[in-house]
Each structure stands twice: as C-alpha cells, then as structure tokens.
1. If you go through segment 37-47, how many residues are within 13 Å of Lys13 (Cβ to Cβ) and loosely packed, with under 11 Cβ neighbours inside 10 Å?
2. Any idea which of Val34, Val22 is modelled with pLDDT of 75 or more, in a loop (DSSP other than H, G, I, E, B) and either surrounded by 10 or more Cβ atoms within 10 Å (Cβ to Cβ) or among the β-branched types (Val, Ile, Thr) (or both)?
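The values are calculated or read from the model by the stated rules, or taken from the named source; none is laboratory data. Nothing here was measured: the structure is a model prediction, and the numbers come from that model. Cβ placement follows ideal geometry from the backbone for every residue including glycine, while neighbour counts extend to all protein chains displayed.
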Amino acid sequence: MQGFENFIPTNLKADNGLDEEVLMEANIDEIETVLALTNDDEDNLMA
C-alpha cells in the first residue's frame, strides 16, 4: 500500500479491532469508514 496515502487521507492500523483502547488510539470517533479484516465474520461485525 506504499504511496496509497497520496490519494486518500488514511489512518492505517493493524491491531485488535475489538480492543477499545486500540480503537481510541486510532481516533475511531473522528473517521468515516472502518474496515475490519479478519478470518472471522463475527469479529469483523463486532469491530
């Protein structure tokens, strides 16, 4: 994804999307779109 940030303002975070502290650190309350990408559909929906 190198160079991708030149096209769209991004905040990329690879971590546990179910962890509230991780989400707060990623400024979840200030972003429009969240992509939760795991091998577990239930976890993706909970994030």
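1. 1
2. It is Val34.
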